[in-house]
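Before any comments, here is the structure.
Readers should treat all values here as calculations from the given coordinates under stated rules, not as data from a laboratory. In this text the structure is predicted, and so the values were computed from the model without any measurement. Note: ideal-geometry Cβ built from the backbone for every residue, glycine included; neighbour counts use all protein chains shown.
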Amino acid sequence: MSASALPGTARAVTYGTPTIKLSAAYLSGAVGGTGDPTVAVTVAQSGADASALTVTATRSSRTTVAGTTDVHVTGTGTARTVAVTAQARGYTDLTLKVTGLGGRTATTTLHYAASPAVQHSPDARYLTGASDASAAVDAGGGYVLVANDEDNTLRLYDGSASGAPVRGWDLDAALGADKEVDIEGAARVGNTVYWTGSLGNNKDGEYKPDRNTVFTTTLSGAGAATQLSFGTAGHRLRDDLVAWDEANGDRYGFAAGTAAGQVPKQIDGFNVEGLEFAPGSTTTAYVGFRAPLVPPQNGGKALIVPVTNMDQVARGTKAVFGTPIELDLGGLAVRDLRRNDQGQFLIVAGSWAADDNSDPYALYSWDGVAGHRPVKVLDLPTADAGGWESVVSVPDPTAAGARVQLITDDGSADLYGDGVEAKDLTHPEWQKSRSTWFTLR
């Protein structure tokens, strides 16, 4: 009988090197952020119970942004969660170490980026994975379906939390698109969502056919269980608008606004950013213009053109137009418009110009009736990065304590102080748009 087999003799335990894996190697937060995104951590060690392992932050490459004491680890067993409290704008690499039994350890690096504090910070959340949020609709249960004007992917987010999309749908193949549609407007009718491109030239004044697109998607389920399928598409609304305007005396200058070399974001340009259906209708849609103003001069009115057969336009049929609506938004243009079931509209009003962050924004209420003047509800903050682009849904704006969720397009923002626009950041976890809740009265 060998010595190791003698009664009462204990076999020595051998522990392997522990492992530590992150659900994402990149993480973004915000100074003063509430509910910032977190990273899931999985740890293990052969020969040991995972509950005996500890995870700590041991080094920060830039402690002014976030130090080791700003890293918070929660959870037990194999699954842990890491959250970081940002102290200043910028980047830091955080070293995370797992310590196992037998004195064995392993490390990994979390690449962290912090954006600056914003106004209304307690009511702000960050939608990561893309930075150019340009249109959004309510998916139910607090979830939001968001378009990004730099690609043709629709993303579903939990609108109450910061973080990555629950899921996404890349529609390049379904649309047959070589470039981005430049989605700028959305409207939901039942389970059908209508989406429109900007219809204008690109920023260099070049015509890109994919931008002349109106398409539909069909939703099933709701909230986190939302699923999406592609519907139909039409590619002639821009051309029909130009022909209609020319037939009516070139009232709005659409031909000139779409001419080769014409930049869309000019006071006399051509750029669509809002879409919503008229009260009581599932076929007449209000198309809201960022440009032109009417007349095309400071103090001009915002333009809405009713398309009375939008359900067919999204199938490629020639558009039929109603009487255009000109709204006094204090010299601002339509950046989004949204209606509730009672026919009450909210309009995000902003400049026609491309210098979003330095120009005014305001939120207006409107009853949807041509000739009735919109009423300013509140001025929107402009000191922070991003331009206000989307209204998710409209509460009763006359009710005490009514709150509305707005989303910014942060694509041109230098979020982290390195001179890189958010749309050009190499890691999607660092790209983000901001969602903020505002109390209307």
- Query: Of (i) 1.01; (ii) 0.97; (iii) 1.10, which is the value of Rg/Rh (Cα atoms, Kirkwood Rh) derived from the coordinates here?
  - Reply: (iii)
- Message: If you average the C-alpha positions of the stretch 321-341 and of the stretch 159-195 separately, how far apart do those two centres end up, in angstrom?
- Response: 22
- Note on the structure: Ranked by GNM mean-square fluctuation in the chain (Cα springs under 10 Å), the top entry among 350, 197, 331 is 331
- Message: Quick check on the exposure proxy: order 440, 199 from fewest to most C-beta atoms within 10 angstrom.
- Response: 440, 199
- Item | Candidates 400, 362, 233: whichever shows maximal mean-square fluctuation once the chain is modelled as a Gaussian network with Cα springs under 10 Å | 400
- Provide the percentage of antiparallel DSSP beta bridges, counting only those with both residues in the chain; round to the nearest 5. 95
- Query: Which ordering of 239, 204 is given by a fewest-first count of other beta-carbon atoms within 10 Å?
  - Reply: 204, 239
- Against the globular-protein guess of 2.2 N^0.38 Å, express the Cα radius of gyration of the stretch 276-393 as a ratio, rounded to two decimals. 1.06
- What is the count of Lys pairs in the chain whose alpha carbons sit under 24 Å apart, if the two are 8 or more places apart or on different chains? 21
- Task: Only residues of the stretch 39-83 count here: report those whose backbone N is under 11 Å from the spot 7 Å along Cα→Cβ of residue 19, or say none.
- Result: 42-46
- Message: Suppose only helical runs count, i.e. DSSP H with n ≥ 4. What mean residue ellipticity at 222 nm does that imply for the chain under -39500 (n - 2.57) per run, divided by all residues and rounded to the nearest 500 deg cm²/dmol?
- Response: -1000 deg cm²/dmol
- Compare 34, 226, 74 in a GNM of the chain, Cα atoms joined below 10 Å, and give the one with the largest fluctuation. 74
- Task: Highest first, please rank the peptides 375-382, 134-141 by the mean number of other Cβ atoms sitting within 10 Å of their residues.
- Result: 134-141, 375-382
- Query: Is the shape of the stretch 70-206 rounded, prolate or oblate, going by the alpha carbon gyration tensor and its root eigenvalues a ≥ b ≥ c, with a/c under 1.5 for rounded and a/b larger than b/c for prolate?
  - Reply: prolate
- Note on the structure: Between the alpha carbon centres of the stretch 220-271 and the stretch 361-375 the gap in Å comes to 22
- Length-normalised contact order for the stretch 121-439 - Cα pairs under 8 Å, 6+ apart - percent: 16
- Message: Starting from 0.36 nm per residue, how many nanometres of slack lie between residue 230 and residue 173 once their C-alpha separation is accounted for?
- Response: 19.5 nm
- Note on the structure: Cβ-Cβ cut-off under 14 Å around residue 143, Lys and Arg +1, Asp and Glu -1: the net charge is +2
- Query: Taking only Cα atoms, what is the 0 to 90° angle, nearest 10, from helix 237-247's long axis to the longest principal axis of the chain?
  - Reply: 20
- Message: Please compute, for the alpha-carbon atoms of the stretch 19-115, the extent along each of the three principal axes and give them in descending order in Å.
- Response: 42, 23, 19
